Each structure stands twice: as C-alpha cells, then as structure tokens.
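What follows is a short report on a single structure.
The values are calculated or read from the model by the stated rules, or taken from the named source; none is laboratory data. In this text, all values refer to a predicted model and were calculated from it rather than measured experimentally. Here Cβ is always computed from backbone atoms with ideal geometry, including for glycine, and neighbour counts include all displayed protein chains. SASA here: full protein model, heavy atoms, side chains in, ligands and nucleic acids out. Shrake-Rupley method; radii C 1.70, N 1.55, O 1.52, S 1.80 Å.
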Amino acid sequence: MSTPRLELRHVRKRFGDLAVLADISLSVRPGEFVSILGPSGAGKSTVLQLLTGALAGDGGDILVDGAPLAPGSHRFAFMPQRDALMPWRRVIDNTTLGLEVEGLSRKTARARVEPLFLEFGLSGFEFHYPAQLSGGMRQRAALLRTVVQERSMLLLDEPFGALDALTRREMQHWLAGMWTRHRWTVLLITHDVREAVLLSDRIYVLSARPARIVRRFDVPLAHPRPSAAAPQVAAIEADILKTLFHPEE
Amino acid sequence: MLSVTALFLGWEAYVQLSGISPTALPAPSRILVQGIEQREALAEHSLATLQATTFGFACSLSAAFLFSVLVDFFRPLRRALFPVFIITQTLPLVAIAPLIVLWFGFGLTPKIVLVALVTFFPMLVALAQGYEATDRDIEALLASMGASRVRIFLSARLPSALPYFFAGLRISITYAVVGAIFAEYAGAAKGLGIYILNAKNNFRPDLVLAAVGVSATLTLTLFGATVLVQRAAMPWARLAESKP
Ligand SMILES: Nc1ncnc2c1ncn2[C@@H]1O[C@H](COP(=O)(O)OP(=O)(O)OP(=O)(O)O)[C@@H](O)[C@H]1O
Ligand SMILES: [Mg+2]
C-alpha cells in the first residue's frame with residue numbers, strides 16, 4: 001500500500017468556546033478523488049483552512065506524503081467556496097495568479113495557461129473580465145486557476161454550491177470528465193450527495209458540529225460513472241442520505 | 001439642467017420687473033456681461049486658486065496614501081493616529097484659516113496647508129475603508145498560494161480600495177476648492193477668495209457672483225475629471241451587463 005498523499009489523524013479544532021472539529025481522521029491516496037460531505041456549518045471549510053495553513057489545529061496530526069505538514073509550505077492548490085475571482089483582473093490574469101505569486105513573469109504565466117483555455121471551455125474569453133462570465137464559466141476559470149498551480153493536490157470547497165441546479169449538474173459531469181483524463185488528487189467539500197457519488201472514490205460523512213467522521217463510504221464504481229438512475233448509484237446515495245439524517249444509527 | 005435654466009430665467013425676470021438695484025441683486029445677464037469684461041482678472045485669480053487646489057490636494061493625497069499603507073500594516077498606529085486626525089476635522093475653517101495665513105504668509109503655502117487639512121482625513125478614511133472591504137476569500141486564496149503580506153496588499157487590498165478611493169476623491173475635490181478659497185479669503189495676493197473679498201468691499205455683488213460662478217465651474221470640472229479618471233482606471237466596473 002502506498003503512503004497516502006494526505007492523512008488526517010484525530011484532528012481537532014475549536015474557536016474559543018465553539019468546538020468545531022471534534023475528531024477528524026481521513027486519508028487521500030495519490031490520484032484519488034475524495035469528498036467530505038456534511039451539513040451546513042459543520043466545519044467543512046475549517047478542515048481546508050487547516051490544510052492551507054490559514055488556521056492551526058488544536059490537536060491531531062496532518063501528514064503529507066507521510067511527513068507532518070510544515071507551516072507555510074503551501075502544498076495544496078485551494079479553490080475557495082465562492083470563486084474569489086478578482087473583478088479587476090481579466091480572466092487570463094485571474095488564472096495566472098498562483099503562477100505570478102510563485103514568481104513567474106506575467107508573460108510566461110500567460111503562455112502557460114493559454115493552451116488550457118480550450119479544454120476549460122473558456123477560449124475567446126481570455127481577455128474578458130469575470131463580470132462578463134456566466135456562473136459556470138466563472139467556476140471553470142476558478143478551477144483553471146487552481147490546477148495550473150501544479151500542486152500535489154487540489155482542495156475544492158463546494159465549487160458548485162452557488163450555481164443553479166441545471167448548471168451545477170452540467171459542471172459536475174464536466175468535472176467528472178476532466179478528472180478522468182487528468183487524475184488529479186482531489187479533496188472535495190460538498191453537501192450535494194449526488195455530486196459526491198458521481199465524482200468520488202471515497203466519501204467521508206461529517207456529523208453536525210462538533211464534527212466527527214460518522215461514516216466512510218467507498219464507491220467501487222469505475223469512472224466515468226453510470227447515471228444516477230443506475231441501481232448501484234441509487235443504493236449508495238440512499239445509504240449516504242440515511243447516514244446524514246440519522247447519524248447515530 | 002432644465003431646473004437650473006428655469007431658476008436663472010425667473011431670477012432675470014424678477015430683477016427686470018421689480019427694478020431692484022444692481023448693488024443689491026444683480027441680474028444674471030449683468031453678472032455674465034461684467035464677468036466677461038473682467039475675464040482676464042478672473043482667469044488670473046482662478047488660475048491661482050486652481051494651483052492652490054491641485055498642489056494642496058496632491059500633497060494631501062500623497063500623505064493620505066502613505067498613512068493609509070502605514071496604518072494598514074501597523075494596526076496599533078491606527079488607534080494612536082486617528083484621534084489626532086479627527087480633531088483636525090473639527091477645527092472651524094473660519095478660525096483656522098486666518099491663523100494659517102498668519103503663520104505661513106500670503107503665498108501659496110498656507111493654501112496648500114489648508115486644502116491638505118480639509119481633504120487629508122476624508123481620503124485616509126476612504127482608503128482605510130477600502131482596504132477593509134477586501135474579499136476575505138481572495139485574501140485566503142492568495143495566502144494559500146504563499147503570497148506575502150506586501151503581495152496581498154498590492155494584489156488584493158489596493159485594487160479593492162479603488163471604488164472607495166474614487167468616492168472619497170469626488171467628495172474631497174469639492175472640499176479642496178472651498179478650502180483654497182477660504183484660505184485666500186483670509187489673506188492672499190491672488191486667488192478667487194481674495195477677488196471675492198475685494199469685489200464685496202467695492203460693493204460689486206455682480207463680480208462676487210461672477211467669481212462664485214467661476215469657482216462652481218472649476219469644482220464641476222474637477223469633479224468631472226475624477227469621474228473620467230475613475231472610468232479609465234476601473235474599466236471592469238461597468239461591464240456586469242454584457243454576459244454571454
Ligand atoms: N475564524 C473563525 N472564528 C470563529 N468561528 C469560526 C471561524 N471560522 C469558522 N467559524 C465557525 O465555525 C463553524 C464551522 O464553519 P465552517 O465554515 O468550517 O463550516 P462549513 O461546514 O464550511 O459550512 P458551510 O456549509 O456553510 O460552508 C461555523 O459555526 C463558523 O461560524
Ligand atoms: Mg464552508
């Protein structure tokens with residue numbers, strides 16, 4: 001068995017009197033797509049903040065490729081809950097942000113992202129401003145900004161949470177296709193059961209605050225996934241929903 | 001525009017019909033004619049006022065920007081400095097203008113000081129507020145990429161402050177003109193303020209009002225210029241409509 005890319009062991013976090021994460025253990029192997037599914041306000045974003053280094057944990061271990069996560073190491077490419085595109089930067093300059101922070105010149109950075117615009121369905125919009133994009137395009141731009149950083153793992157915080165239902169479905173299938181081709185290592189936060197089942201190799205279900213891992217679901221179906229109507233998919237979805245609504249059973 | 005025209009027409013009609021003395025209330029037509037006759041003097045004095053305004057405003061802008069950066073990076077400074085700045089805003093202009101002229105003489109310096117005094121704090125507050133308005137997610141994103149504080153300031157906080165900066169600019173530029181005229185009124189060799197004072201002392205309300213008209217035009221022009229600069233500096237701000 002290979003070393004996990006990421007491993008959390010009994011991670012805890014509280015904000016003053018508010019215990020947010022009670023006991024979080026999970027692991028993500030290289031090339032795996034793993035989701036954290038949980039109720040609103042459970043502390044899902046907090047898990048990612050511990051990984052990006054925005055917050056320090058109160059206990060437990062975070063291991064990256066077997067070694068403790070060093071503060072200030074910036075090992076992950078993070079996509080925040082809202083797209084966080086800068087309205088004053090053109091789409092192309094938004095997507096190069098991470099590369100520019102790394103010290104690449106604007107020209108080199110642009111040359112690196114330009115070939116990817118077609119695949120991300122954004123060609124022709126390089127020099128538009130984010131305000132001129134539709135919701136789905138904004139999310140694709142934000143994802144492009146995330147993947148071009150070429151970090152060892154992607155952290156996606158409810159990337160489609162703000163989209164209308166139709167666009168969200170469309171984007172989920174698009175992401176499934178992209179992932180099948182690229183096999184990024186992904187940790188996805190979501191509260192959409194269908195999204196989790198469509199995309200993930202493994203799903204961790206969180207309890208309400210203070211959050212524990214209630215159950216772990218492996219999804220043994222090959223990618224690309226069968227449609228939601230397929231019986232195996234429906235069975236897993238039903239099982240997850242039951243766990244969400246009755247976590248104690 | 002229409003209401004302004006109506007106002008002037010009504011004014012003109014009233015003066016013509018009532019036969020009121022032009023030293024009490026001059027008709028707009030008289031103000032215009034006298035103003036044109038005096039255009040060289042008016043232009044010269046306006047130029048002095050414009051100069052005081054722009055120099056003073058440039059000084060206060062630079063200082064406000066410098067301090068805004070300073071208090072953004074060193075938070076405790078903010079609590080130490082802001083009370084002092086707020087006090088400068090409570091000083092009555094009528095009292096402070098003659099004092100400043102007394103200290104700095106009749107040249108350009110007292111005007112610059114007074115203009116800076118009235119515009120510095122509004123600009124500082126606008127900038128500080130603008131930095132605070134930065135989207136937390138954008139900052140978190142930059143931090144996750146390994147950006148330094150300086151980098152986050154330049155890439156996120158500074159551009160986020162632009163709308164606030166321009167809102168402050170539009171208000172301050174009108175204060176700036178008023179501040180310059182006040183300083184001149186308290187004593188100056190040249191400027192619209194001293195022109196107004198002299199015209200008043202010579203019982204020429206028509207020339208007072210002509211100078212007022214010129215200063216209003218000056219303010220409006222500067223105001224318009226800031227709007228144009230804002231459009232050029234923030235092209236994204238007007239784009240939200242044209243989605244694919
Ligand atoms: N920096 C902070 N200081 C204090 N409390 C915080 C902080 N960040 C988050 N919290 C609190 O921790 C709890 C969990 O927040 P978090 O954003 O992780 O939830 P979430 O599961 O991502 O919710 P959502 O589904 O709404 O995105 C919330 O009650 C929130 O108010
Ligand atoms: Mg969240």
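Annotations for the structure displayed:
- Average other protein chain Cβ within 10 Å of Cβ, residues A:84-92: 5
- Across the protein assembly as shown the C-alpha pair distances fall into 10 Å bins from zero in the proportions 4, 15, 20, 17, 13, 11, 9, 7, 3, 1, 0 percent.
- Listed by chain and number, the lysines placed with their C-alpha closer than 19 angstrom to that of A:Lys13 are A:Lys44; residues fewer than eight positions away on the same chain are left out.
- Protection proxy ranking, peptides A:48-58, A:32-42, A:6-16, average beta carbon neighbours within 10 Å, highest first: A:32-42, A:48-58, A:6-16
- Ranking by accessible area, most exposed first, for A:Thr95, B:Thr174 with a 1.4 Å probe: B:Thr174, A:Thr95
- Highest-first arrangement of B:11-22, B:159-170, B:46-57, where packing means the average Cβ count within 10 Å: B:46-57, B:159-170, B:11-22
- Taking each DSSP H run with n ≥ 4 as -39500 (n - 2.57) and averaging over every residue of the protein assembly as shown yields -18000 deg cm²/dmol at 222 nm.
- Peptide A:144-153 is shielded by partner chain Cβ atoms: per residue, an average of 1 of them sit within 10 Å of its Cβ.
- Cβ neighbours within 10 Å from other chains - mean over A:120-129: 1
- Take B:68-79, B:102-113 and order them by the average number of nearby Cβ atoms within 10 Å per residue, most first; the result is B:102-113, B:68-79.
- Expressed as a whole percent, the accessible area of the protein assembly as shown that falls on carbon and sulfur atoms is 63 (1.4 Å probe).
- Of all DSSP beta bridges in the protein assembly as shown, antiparallel share, percent nearest 5: 50
- Separation of alpha-carbon centers, the range A:183-249 and the range A:28-87, rounded to whole Å: 18
- With all protein chains kept in place, the per residue accessible area of chain A amounts to 43 square angstrom at a probe of 1.4 angstrom.
- Positive-end extreme of charge dipole, chain B - chosen from B:Leu197, B:Gly146, B:Thr54 (charges on Cβ): B:Gly146
- Dividing the mean sequence gap of close Cα pairs (under 8 Å, 6+ apart) by how many residues chain B holds gives a relative contact order of 28 percent.
- Relative contact order computed over chain A (Cα-Cα under 8 Å; 6+ residues apart), in percent: 27
- R0 of 45 Å, Cβ-Cβ distance B:Ala237-A:Leu241: FRET efficiency to nearest 0.05: 0.55
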